[in-house]
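The values are calculated or read from the model by the stated rules, or taken from the named source; none is laboratory data. Since we're looking at a predicted model, the values are computed, not measured. Quick reminder, even Gly has a Cβ in these numbers, built from the backbone with ideal geometry, and neighbours come from all protein chains shown. Just the protein is used for accessible areas: all its heavy atoms, side chains included, with ligands, DNA and RNA removed. Shrake-Rupley method; radii C 1.70, N 1.55, O 1.52, S 1.80 Å.
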Amino acid sequence: MKARHVQLIASYSARYSVRGGIGLVFLLLSLTFGLLVAHTMLQPVEIAAAQFAKGRNADPARATQRALEAITEQAKPVVAWMLTPSTREPDAEAKRAGDAWSDFLLDDRPALLSAIFLILLFGWPLVVAFGAFDLYAGDIGSRQLRYQLLRVDRGSIYFGRLLGMVVTFVLVLLLLGVTVTAYIGLKLSVYEWPALLGWSAYGTLALVVVSLPYVALCAWLSAGFASSFASLTIASLVIGGVPLFAALGGRQFEVLGYASYLLPWGFQLRLFHPEAGQVALAAGGCLLQAALFAWLGHRKFTRRDL
Amino acid sequence: MSEGKRPGGLTALAVLNFVFGGLEILGSLGMLMLMAFLDAAAKSGEDDGAAEAQRKMAEAWEQIGLGFFYVILIVGAVSAILLIASGVGYLQQKKFLGRTLGNSYAVLSIGSSLAMGMAVTADAGGGFNIGTLIRLVYPVLTLFLLNTTFKEDFVR
């Protein structure tokens with residue numbers, strides 16, 4: 001494997017993925033999904049602020065602030081419940097931890113951004129499947145990789161395309177982060193710019209870190225199938241099925257609930273935890289799983305018939 | 001780019017054009033129906049919540065001017081025609097039918113979305129919000145791709 005080849009393939013893969021069609025659909029899907037999530041969170045605040053401003057003749061920024069406070073108060077118990085460790089009967093300590101976590105996200109940090117990031121965290125892994133399912137499967141099926149193998153080794157192709165896909169994800173997430181932050185900062189004017197920019201950069205980085213294991217998983221699955229459709233189906237089923245299986249199975253037998261740790265689902269939320277140690281563990285888990293799936297994919301890709 | 005070699009992305013863009021063109025036609029029909037509803041609501045004497053909201057909307061449109069409403073309606077219909085025509089142009093890789101009409105759609109759509117966001121109030125169903133940005137995603141993407149990624153693919 002040569003670094004120069006990996007870099008070259010990554011650059012072409014990122015630049016020309018849109019030409020293939022799948023990249024174009026992914027771009028449209030991911031941008032629309034991200035903005036739709038932001039719209040779902042921001043619209044109630046804007047409607048409530050407009051009503052408040054009309055009713056009390058308040059200035060728009062103050063009205064938005066009041067509407068945001070009212071909505072945050074209502075949402076806090078739900079967020080605290082979401083963040084409380086999911087045992088059958090959470091004790092008082094677990095509930096206190098959940099409350100402290102929700103206070104951190106909704107009071108200490110820009111609440112609107114926190115809410116958007118939390119929802120994105122649950123939906124983004126499924127979007128990842130639509131972007132990364134065809135890293136190799138289509139070309140394996142059509143036997144087109146044989147022409148590249150005359151010039152480069154399998155490892156360079158594998159890691160080059162994987163790196164190109166990661167770069168695409170980083171660019172899309174950056175674009176989303178900048179758009180949503182600029183909108184909140186310029187239109188709503190309820191947060192200080194340094195706090196908004198800082199939390200936005202952190203959230204975008206957290207989403208990038210969460211994307212890595214899912215992209216690597218898609219790469220592994222894509223290397224294992226000679227059909228794009230099969231790769232997409234299996235990737236979507238695995239990514240969506242693991243939390244579903246853990247949630248349903250965990251109700252019957254508590255041990256089955258731990259199945260969510262097979263993917264970052266079980267711990268990815270802790271990337272937004274107030275304690276640095278928890279964040280480091282979650283980030284470490286994501287990187288470890290990314291490395292494991294990437295290694296398994298490389299093993300499969302370098303041994304199979306192309 | 002050799003003649004006849006159409007990239008998959010251009011085919012996907014054509015399919016999306018047909019889908020969004022169909023939606024644009026439905027949107028224009030919806031606007032026509034909205035006009036009829038608003039007209040009926042303005043004349044009705046009912047005072048329930050829904051009629052009140054429709055009356056407010058009718059008043060807001062009267063303030064903006066009904067001429068602007070018809071402009072939006074016509075722009076929607078023209079956008080639909082441009083989307084479908086340029087979709088056919090993408091498939092045939094034609095310079096005028098594909099690239100020129102595709103660019104025209106993108107510019108028209110960006111302009112009308114921004115005008116809706118700035119000139120139409122929230123009461124009338126407009127206003128600049130994240131929804132406006134969502135509406136901008138496809139035309140901006142079209143404008144970008146037609147002039148960079150697929151620039152050399154319109155060979156006929």
**Prompt:** Among all residue pairs at least 6 apart or on different chains, which show Cβ distances below 8 Å where the first residue, located in the range A:290-306, is more than 20 Å from A:GLY138 (Cβ to Cβ) and the second is open to solvent by less than 50 Å² (accessible area, probe 1.4 Å)?
**Reply:** A:ALA290/A:LEU212; A:ALA290/A:PRO213; A:ALA290/A:VAL215; A:ALA290/A:ALA216; A:ALA291/A:ALA216; A:LEU292/A:ALA216
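A quick yes/no check of all residues on (1) touching a residue at least 60 places away in the same chain (Cβ under 8 Å); (2) among the acidic types (Asp, Glu):
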site: A:GLY98; (1), (2): no, no
site: A:TRP101; (1), (2): yes, no
site: A:ARG109; (1), (2): yes, no
site: A:GLY123; (1), (2): yes, no
site: A:ALA137; (1), (2): yes, no
site: A:ASP153; (1), (2): yes, yes
**Message:** Against the condition modelled with pLDDT of 90 or more, within 19 Å of the chain's Cα centre (by Cα) and either over 30 Å from B:LYS151 (Cβ atoms) or surrounded by 14 or more Cβ atoms within 10 Å (Cβ to Cβ) (or both), how does B:LEU66 come out, does it pass?
**Reply:** no
**Complete:** Among residues of the range A:175-195 being free of Cβ contacts under 8 Å to residues at least 24 places away in the same chain and more than 12 Å from chain B (Cβ to nearest Cβ), the residue surrounded by the most Cβ atoms within 10 Å (Cβ to Cβ) is A:GLY185
**Item:** Qualifying residues in the range A:38-62 (those that are crowded, with 17+ Cβ neighbours inside 10 Å and of a type outside the set (A, V, I, L, M, F, W, C)) - the one nearest to A:LEU120 (Cα to Cα)
**Value:** A:HIS39
**Message:** With the requirement that a residue be closer than 16 Å to B:GLY117 by Cα, at the interface with another protein chain (Cβ under 9 Å from one of its Cβ atoms) and either hydroxyl-bearing (Ser, Thr, Tyr) or in contact with a His (Cβ under 7 Å, 6 or more places away or on another chain) (or both), what does the range B:131-156 give you?
**Reply:** B:GLY131, B:ILE134
**Request:** Tell me, please, whether a residue that is touching a Lys or Arg at 6+ places or on another chain (Cβ under 7 Å) and over 18 Å from A:HIS273 (Cα atoms) can be found in the range A:45-53.
**Result:** yes
**Message:** I'd like the residue in the range A:3-21 that is at pLDDT 85 or above and open to solvent by 40 Å² or more (accessible area, probe 1.4 Å) and, out of all such residues, is nearest to B:PHE150 (Cα to Cα).
**Reply:** A:TYR12
**Request:** Give the number of residues within the range A:1-33 that are without any contact (Cβ under 8 Å) to a residue 40 or more places away in the chain and away from every other protein chain (no Cβ under 13 Å).
**Result:** 2
**Prompt:** Out of the range A:34-53, which residues are of a type outside the set (Asp, Glu), within 10 Å of another protein chain (Cβ to nearest Cβ) and out of contact with any Pro (no Cβ under 9 Å at 6 or more places or on another chain)?
**Reply:** A:GLY34, A:LEU35, A:LEU36, A:VAL37, A:ALA38, A:HIS39, A:THR40, A:MET41, A:LEU42, A:GLN43, A:ILE47
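Within the bounds of the range A:90-99, is there any residue that is of a type in the set (A, V, I, L, M), away from chain B (no Cβ under 14 Å) and open to solvent by 20 Å² or more (accessible area, probe 1.4 Å)?
Yes, there is a match, as at least one residue in the range A:90-99 is of a type in the set (A, V, I, L, M), away from chain B (no Cβ under 14 Å) and open to solvent by 20 Å² or more (accessible area, probe 1.4 Å).
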**Request:** Evaluate the range A:249-270: report whether one residue or more is of a type in the set (Val, Ile, Thr), in a helix (DSSP H, G or I), open to solvent by 70 Å² or more (accessible area, probe 1.4 Å) and free of Cβ contacts under 8 Å to residues at least 12 places away in the same chain.
**Result:** yes
**Fill in**
Reported set for the range A:241-271 where residues are within 20 Å of the chain's Cα centre (by Cα) and farther than 19 Å from A:LEU126 by Cβ is A:ARG270
**Asked** B:LEU114: within 28 Å of B:ALA60 (Cα to Cα), in a helix (DSSP H, G or I) and among the hydrophobic types (A, V, I, L, M, F, W, C), yes or no?
**Response** yes
**Request:** Answer yes or no as to whether A:LEU145 is touching a residue at least 60 places away in the same chain (Cβ under 8 Å) and crowded, with 21+ Cβ neighbours inside 10 Å.
**Result:** no
**Asked** Do we find a residue being over 25 Å from A:LEU292 (Cα atoms), outside any helix (DSSP H, G or I) and within 14 Å of chain B (Cβ to nearest Cβ) anywhere in the range A:144-151?
**Response** yes
